[in-house]
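The values are calculated or read from the model by the stated rules, or taken from the named source; none is laboratory data. Predicted, not measured: the structure shown is a model, and the values here were computed from it. Please note: Cβ atoms are built from the backbone with ideal geometry, for glycine as well, and neighbour counts cover all protein chains shown. The protein model used for the area step is the full one, side chains on, heavy atoms only, and it has no ligands, DNA or RNA in it. Shrake-Rupley method; radii C 1.70, N 1.55, O 1.52, S 1.80 Å.
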4 protein chains.
Amino acid sequence: MTIRVAVLGAHTYWGAETMRLLSVHPQAVLQTLISDEKAGSRVGDIYPHLFAIAGRRLEALDGVDWSKIDCLIAALPHNQAHLAFAALPAGVKGIDLSADFRFSDVAFYEKYYGPHRAAALQREAVYGLSEIERDAIRGARIVGTPGCYPTAAQLPLVPLLAAGLIEADDIVIDAKSGVSGAGRAPDELHMYCEVAEGVHPYRVGHHRLAPEIELGLSKAAGKPVVVSFTPHMVPMNRGTLATMYVRMCEDVGVADLRAELQRVYGAEPFMRLLPEGMAPATRMVRGSNFCVMNVFAERAHRRAVLIAAIDNVVKGGAGQAVQNMNLMFGLAETTGLEQLPLFP
Amino acid sequence: MTIRVAVLGAHTYWGAETMRLLSVHPQAVLQTLISDEKAGSRVGDIYPHLFAIAGRRLEALDGVDWSKIDCLIAALPHNQAHLAFAALPAGVKGIDLSADFRFSDVAFYEKYYGPHRAAALQREAVYGLSEIERDAIRGARIVGTPGCYPTAAQLPLVPLLAAGLIEADDIVIDAKSGVSGAGRAPDELHMYCEVAEGVHPYRVGHHRLAPEIELGLSKAAGKPVVVSFTPHMVPMNRGTLATMYVRMCEDVGVADLRAELQRVYGAEPFMRLLPEGMAPATRMVRGSNFCVMNVFAERAHRRAVLIAAIDNVVKGGAGQAVQNMNLMFGLAETTGLEQLPLFP
Amino acid sequence: MTIRVAVLGAHTYWGAETMRLLSVHPQAVLQTLISDEKAGSRVGDIYPHLFAIAGRRLEALDGVDWSKIDCLIAALPHNQAHLAFAALPAGVKGIDLSADFRFSDVAFYEKYYGPHRAAALQREAVYGLSEIERDAIRGARIVGTPGCYPTAAQLPLVPLLAAGLIEADDIVIDAKSGVSGAGRAPDELHMYCEVAEGVHPYRVGHHRLAPEIELGLSKAAGKPVVVSFTPHMVPMNRGTLATMYVRMCEDVGVADLRAELQRVYGAEPFMRLLPEGMAPATRMVRGSNFCVMNVFAERAHRRAVLIAAIDNVVKGGAGQAVQNMNLMFGLAETTGLEQLPLFP
Amino acid sequence: MTIRVAVLGAHTYWGAETMRLLSVHPQAVLQTLISDEKAGSRVGDIYPHLFAIAGRRLEALDGVDWSKIDCLIAALPHNQAHLAFAALPAGVKGIDLSADFRFSDVAFYEKYYGPHRAAALQREAVYGLSEIERDAIRGARIVGTPGCYPTAAQLPLVPLLAAGLIEADDIVIDAKSGVSGAGRAPDELHMYCEVAEGVHPYRVGHHRLAPEIELGLSKAAGKPVVVSFTPHMVPMNRGTLATMYVRMCEDVGVADLRAELQRVYGAEPFMRLLPEGMAPATRMVRGSNFCVMNVFAERAHRRAVLIAAIDNVVKGGAGQAVQNMNLMFGLAETTGLEQLPLFP
C-alpha cells in the first residue's frame, strides 16, 4: 500500500519536517504540497535542505485534486485549517498538528483559540497522543496531534495518575523548549539576539496548553486535575524538556513509579525509561521520534521528580503525526520513523 | 581610601571576573594576582580581554607579601583555599567565593564538601548574601559569598518566608544556569558539543546546594524547610534563572507577595521587582550585579510562581564579592558595580 | 562640561547601546530619547536591561526642544534620518551611525542607498573612523560613523597601504559577524532557528559595504583599490572578525607589517596588536570599544594574513560614535568607554 | 550481502556517527564495537542517543575475532590506529578516518604527524575523497578518508583546476568549522564558554591540513599548488564552510566555472550545485552526506568566489567512510546514506 499524502502548510517548520520524514517513508508518497502563502515556490527555494524534493512546487489549496489524496497532514498554525478540514472528502483522512482538532468539546477550544469554523468535525476527532490513544487513533478519520508540551508532560504523568500512584492535586510542570516551536513567521520575540545567550519563562500562569494538559490528566486520574505549568524558552533549535514535581501517594516510592512506567512503556518502540540515575536530555532525542524519561527521588516528603525529553518538531509534531498516520492506515507504527537521533 | 586587593585563583572565571570588576573600581587596587596553577603567566596570556592589566603577572601563593594587602578575594573551587585563609594575617580581610566559609556549622560543611582544614575560621565567617546579611557583613572579617543558585533562590524566598506569607513546607525550585558556573577546568560534561543545542537537568534530587538554600530559608522561616531543587544546564555562558513554585498561606494573594518584595527591596540598588506581568530573563542582567524578580499567579490553588534572574558570575559570584568588600570596608555598596547589563 | 545628548532611534540595538554607554558617561547626559516608532514607551518596556533609565519615556521627533540639545546621535537604519539632520539647528552637532553621512560624494551614496534628502549636509560631513580621521572629526559638526565591516577592515589595512607595504590590487576580506548587526526589526533571515547552529555567507560579491571599504583604502593607497569582500553570518550576538589576505610588496616581511602597525597604533587607547602568534577572537572585545589585531605569515608567496576583531555594536557602532562625540567636544577620547570586555 | 563491520574508536564522535549511520544501513551489521578507552561500557552509557544499540558493549582491541569481520572502520585520532591496521588479516578491508592512511608518501606523513608504525600499508592505501577517487577506492583494501577541510575545499577546486579554468597559484581558502571536529577529549580550547558567542581563527598559516589540500590540488593541476588557508572555529556543533577566492584564467567567466561543476557533479547523488545566487550554508546539509556548492562573481579582476558546505561529521567523516565502504564492497554508493539533512 502507498498512502498518497497532501501536506497543508508546507512552508512551516512543521510542514518541512513532515516532508523530511515522508520523503524516506517507504509506504507514503508526498502527493501534493500545499501552501497558499508560498504557492508557486519550489521546495528548494524555501527549504534547501530537502534535496530529494527540491524541484517540487508548492500549490494553492483551492486547486488540489482530492481524488488523488488519501491523507491530509495539516501543519498550519492554530485556527487556519478549519475550512480545509471541513471541505475534506469523506474518503480522505486528516491529521492536524495544531490545536484545532484536539478537543471534542468545542466550547473548550473556542475559549482558548477563538471561533471554530469546522465544529462539526470535532465530534469525530481523536486526540493523537499515540501511545495513550492508540486504539482510538486506529479507527479515526480526523486526528488532532498534540504538540511539544502536552506530549512531554502527559506521556509520563498519564500512566502514573491512571495507576493511582501520584496525587492528582499537586503537580508542577516546569517545561523548557527550543525556539522552533514558535514557527517560522518573523516576530521580535524569536529573533536570534532576543533568544541566544539567555533563558526566560513566558506566559507564566496562563499558557493555553495548561488546560490541554489538564484535560488528559483529568481523564487519566478520573477527577479534575489542575497543574502548575511554566514554559521557558531555551536557546536551542529543537527539544522539549519537562521537569515535573509530583507528590507520591502514601506508601508509594520512586521504585513503584519506575516499575509502572517500565510496565506500561517497556515494549513501546519510541519510549525509553533511562537507567536509574541517568538524567534525560533533549540532545538524546534530537531529530527523532523518541521520548526519554526517568524518575528521581527528591528530598521533600513524598516528592518525586519526573523528567521527560522529546524533539518538539518530531515527537511533539511531525513525527507523531506520521506515527498516527501509520496507525490510521494499518501500517507498522514505526514505519519511516526509525532514524536515530543526531548528536552532537 | 584605597583597598589593596589580592585575588587568589586569578586563573578561574571567578578570578577573571573579579579582576574585570576591580580594574574599574575607583577605590580598590589589584595589588597581587595569585595563581599557583598559572604562576608566571601574564594576565593577557590567559585572559586576553583584560587589556587594562594584560601585562601583569600571576604569582604563587607562598611568595605573597601580605603586609601590602588589605583584602583577599578567593576565587578557587571548593576545598582549595582553606590553608590560605588559615594563614591570613589578622589585619587582612577575606572574602571567599567557594562554599568553604558559608557555614558556621563545620559538620554541615564536611558532610557535603569533605574535611575542613580551617575550621576555626568558620566561627567568625559570615554568610555573604549581601541584601539579607548586610549588617553582619559590615562587621565581618571573613565572608563566604553564596553562588548562583543560593543567591537566586534565597533573595525572593527569604523575605516572603520571614513575613509568613508562604508555606515553609511546599517549595519547588526549578533552576537553570549557564555553563560558566562549572568553571574553566576541562571536563567532558562542559565541552561545547555536550552542552550546545540542548538542555538537561543534573544531580537531580541530591545537589549539595539544596541544603545550603534550606539553611537560609529555615533561618528566615524560623523552622526547618526542605525544598525540591533541580538544576538544569542551559546553553549560554552566563545567567541563572530560578523558577519557584510556592504555596501562599491562607488569605494571602499574589498582590501581597508583590507588596512585601517591593517593601523589602524597593530601595535596594541592585534589586528590581519587574512591572506586573513582565517575566524575568537572564538577558536582562548579563554582566551586571542586578537581580530581577517577579511574582505570578498560578492556576493551582494558592500556588504562586516566583521568578528571579541573576548573572551567575557577577551577582552569583565576583560582583557579590565586591559588593561585600564595599560593605566590609565602609564604602558605598554600589562602588565599582554601576555598569549596566550587556544586551544583546 | 556636560554634553546634552539626544538619541534618535532609541528603539534600535544601536540606540540601546548608545544609551547604555552614555548612562555611565561622566560628561554626557541623556537629555532626550527619540523614537517615532515607540514614542510614549518607557525604556524599561523595550530594553529592560537599561535599569538606570528604565522609567524614562521615548518621545516623537517632532516634539524635541533642540535648544536643550548639544549633540544628536542617530541610531536609525540607512535612509531614515535625512530630514532630522537637515532640520538640526546650527549649534547642534550630529553623529550618525548609518551610512547616510559617510560619503562626501552624494552620487556614491545614492548609487547604493537611494535618494539623499539632506545632500547639502554631506559636504560638511566627516567620516568617523576615529583613529584614522581623528583630526577631521575634532572639527566636524556632522560625522558619519562607519559600521562593523568597514571599521574592522580599514583599521589594519589603511596604515599598511599608506606605508606602501602591501599591494593595493590583491586584497581579500573574508568577514564574519554576529547577528545584532542586522538590527531588531523582525525578518525571517535573522530568526533564531535560521541562524543558530550554522554559518553562511550573504550578498556574496555585491555587498554595499565593499565600495565603502574601497573608498577608504583608495584614499590610503593613493590609487583605486578594489577588494574581494565576503561577509558571513555567525551564530553569536556580537562581534565582527575580518580575516584579510594581502600580498606584501617586494622585500617586505610580516615583521615589517607588525612594526608599522605597532608604530601607528602602539599608543592608541583602543587598539591592541596582540603578541606574535596569538589569534584575535571576537570574545576578546565583547561589549567594549577595543580592536584587537594581528599579522601572520602565510605559506603562499608574499602572502600575509591580517586579522582584526571588534564588537560590532560598540567599536563598530555606538562606542565609536561616543568616541567621536568625545573628540568633537574636546573631551578625552576614552571618556565613558573604559569598560573592559565581558568574558565568558 | 551483509558486511560485518568493526568500529575502532567507538567512543569518539566519529565512532558514534559511524554507528548511527550503520545502524540503519541495510547491508551492513555492526559486528564489533572496539574501544580500549571505554572497553566494557554499554553504548547507551556513553552515547544515549544510539537507542538501537544501547545495550551493546564496547570491547578491547586485542580480543577481537577478526574472522568475523569484513571491514574495519577506524575512528581514532591521528597516530593511534597504526598497529591495528598493520595487524589486520588480509581478508579484512580497512577504512581510516584519521590522517594515517591518506598519504602514499610516508615522509610527508611523518613530517606533519610523527613516526608511522604501519608505513608498509601506505603503499596500498587510497585517498578516500569519494567523488574524485572513486575508481581507485573501488579496488582498494585500505582507504584513508579525508576530513572536513580537505573535503570541503577539494571537491569544488579539483575539477576547476583539472579543467584549467582557474589559476593554480592564487587560491585563498577561508574555512569555518563547528566544534565537533575537535573530538570529544576534554581540553580548555573547546569548552562551551571558550567557543560560544564568538568566532576565532586558529593555527593561522601553519595548519597541517593545508599541505594535504595542496597535495590533491597539485595532482589536479599537474603542477605544485600552494594555498593560503585559514580555519576558523564557529559556535556550532556541526558543519564546515569553505569560502574560496580564486583567480579565473584569461577569458574564463563565472558561467564557465558553473558549467564545469555542473558537468562534473550534475549526476552525483551527494553533490548539489545550488541555483545561481543562492549561498551555501552549513544548515542545508546538517546530519547528511550532501555537499552544497556555488560560484559567485567578485568585484576584483578575474576573481571568483567558490563556496562549499558539508557536515564535517558525515561527508567530512563517517558518512564519507560509509560511502567508501559501499564502493569497496560493490554496493550502491548511496546505500544507508539517503537521510535528508535536519533543519532547523
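Contact order, relative form, for the stretch B:116-201: 17 percent (alpha carbon pairs under 8 Å, 6 or more residues apart, mean separation divided by residue count). Sorted from shortest to longest, the distances between the B:G91 label points of this copy and the other copies are 5.6, 8.5, 9.8 nm, with each point 7 Å from Cα along the line through the beta carbon. With R₀ set to 41 Å, the beta-carbon distance separating D:E124 from B:R203 gives a calculated FRET efficiency near 0.20. Dividing the convex hull volume of the alpha carbon atoms of chain A by its residue count gives 135 Å³ per residue. Label-point distances for C:G164 to the equivalent site in the other copies, using a point 7 angstrom along Cα→C-beta, read 4.0, 8.8, 9.7 nm when ranked shortest first. Fully extending the segment from B:A52 to B:M278 would add 77.6 nm, taking 0.36 nm per residue of separation and subtracting the current Cα-Cα distance. The magnitude of the dipole of the stretch B:45-175, with charges of +1 and -1 set on the Cβ of Lys/Arg and Asp/Glu and taken from the Cα centre, is near 520 debye. A Stokes-Einstein calculation at 37 °C with viscosity 0.692 mPa s, built on the Kirkwood radius of the stretch C:139-277 over Cα pairs, returns a diffusion coefficient of 199 µm²/s. FRET efficiency for the pair A:K68 and A:D36, taken as 1/(1 + (r/R0)^6) with r the Cβ-Cβ distance and R0 = 25 Å, rounds to 0.85. Inter-chain Cβ neighbour count for C:216-229, averaged per residue, equals 2 (cutoff 10 Å, partner chain atoms only).
Summing Cβ point charges (Lys, Arg +1; Asp, Glu -1) relative to the Cα centre of the protein assembly as shown gives a dipole of roughly 0 debye. Considering only D:S23, D:A84, D:V43, and ranking their Cα positions along the charge dipole of the stretch D:16-98 that arises from unit charges at the beta-carbon of Lys, Arg, Asp and Glu, the one farthest toward the positive end is D:S23.
Calculated mean residue ellipticity at 222 nm for chain A: -7500 deg cm²/dmol, from DSSP H runs with n ≥ 4 weighted as -39500 (n - 2.57), summed, divided by the residue count and rounded to 500. In the protein assembly as shown, the ratio of gyration radius to Kirkwood radius, Rg to Rh, stands at 0.95 when only Cα atoms are counted. Rolling a 1.4 angstrom probe over the protein assembly as shown with all protein chains present gives an accessible area of which 52% lies on carbon and sulfur atoms. Computed about the Cα centre, the dipole magnitude for the stretch C:201-251 is approximately 240 debye when only Lys and Arg (+1) and Asp and Glu (-1) carry charge, each at its Cβ. With a cut-off of 13 Å on the backbone N, the residues of the stretch D:120-161 near the modelled label site 7 Å out from D:M1 along Cα-Cβ are D:138-141.
Going by alpha carbons, how many degrees (0 to 90, nearest 10) lie between the helix axis of D:209-221 and the longest principal axis of chain D? Relative to chain D, helix D:209-221 is tipped by roughly 60 degrees. When only Cα pairs below 8 angstrom with a gap of at least 6 residues are kept, chain C shows a relative contact order of 17 percent.
Taking B:E110, A:E17 and ordering them by how much accessible surface each has at a 1.4 Å probe, largest first, produces B:E110, A:E17.
Compute a Gaussian network model of chain B, connecting alpha carbons closer than 10 Å, and tell me which residue from B:F103, B:F290, B:F51 fluctuates the most. Comparing B:F103, B:F290, B:F51 in a Gaussian network model of chain B, the most mobile one is B:F51. Between the residues B:G181, B:V225, B:G164, the greatest Cα displacement towards the positive end of the dipole of the stretch B:99-256, with unit charges on the Cβ of Lys, Arg, Asp and Glu, is found for B:G181.
Give the calculated FRET efficiency between B:K223 and B:V29 to the nearest 0.05, with a Förster radius of 45 Å applied to their Cβ-Cβ distance. Taking R0 as 45 Å, the efficiency between B:K223 and B:V29 is 0.50.
Taking a sphere under 10 Å around the Cβ of C:V285 and counting the other residues whose Cβ falls inside, with K and R at +1 and D and E at -1, yields a net charge of +4. Quick check on the stretch D:263-344: take the gyration tensor over C-alpha atoms, sort the square-rooted eigenvalues as a ≥ b ≥ c, and tell me if it's rounded (a/c under 1.5), prolate or oblate. The shape class here is prolate.
The D-A contact accounts for roughly 3000 square angstrom of buried accessible surface, both chains included, probe 1.4 angstrom.
Averaging sequence separations of C-alpha pairs under 8 Å and six or more residues apart, then dividing by the length of the stretch B:146-274, give the relative contact order as a whole percent. Relative CO of the stretch B:146-274 lands at 41 percent. How far is it, in nm, from the label point at D:K111 to the one at C:D169 when both lie 7 Å from their Cα along the line to the Cβ? Each label point lies 7 Å from its Cα, and together they span 3.2 nm. Label the stretch B:150-224 by shape, choosing from rounded, prolate and oblate, from the square roots a ≥ b ≥ c of the eigenvalues of the Cα gyration tensor; if a/c is under 1.5 it is rounded, and otherwise prolate applies when a/b is larger than b/c, oblate when it is not. It comes out prolate by the Cα gyration axes.
Taking Lys and Arg as +1 and Asp and Glu as -1, the other residues whose beta-carbon sits under 13 Å from that of B:F85 total +2. Just check the stretch B:91-217 against the gyration tensor rule for me: Cα atoms, a ≥ b ≥ c as the square roots of the eigenvalues, rounded for a/c under 1.5, and otherwise prolate or oblate depending on whether a/b exceeds b/c. Here the stretch B:91-217 falls in the oblate category.
Summarising the rotation from chain D to chain C, the nearest chain D beta-carbon to the axis and its distance in Å are given as D:D174, 2. For chain D, the longest principal axis of the Cα atoms and the long axis of helix D:254-265 meet at an angle of about 30 degrees. For the residues of A:245-251, the average number of beta carbons from a partner chain within 10 Å of their own beta carbon is 1. Please work out the Cα center distance from the stretch C:10-78 to the stretch A:167-193, rounded to the nearest Å. First find each Cα centre; the distance between them is then 31 Å. Peptide D:302-309 shows a mean partner chain C-beta count of 3 within 10 Å per residue C-beta. In the full protein context, chain A carries 30 Å² of accessible surface per residue, based on a 1.4 Å probe and ignoring ligands, DNA and RNA.
Between identical copies, the spacing of C:D62 label points, each set 7 Å from Cα toward the C-beta atom, reads 4.1, 7.8, 8.8 nm from nearest to farthest. Near B:T240, once Lys and Arg are set to +1 and Asp and Glu to -1 for all other residues with Cβ below 9 Å from its Cβ, the sum equals +2. Angle of helix D:148-162 to the longest C-alpha principal axis of chain D, folded into 0 to 90 degrees and rounded to 10: 40°.
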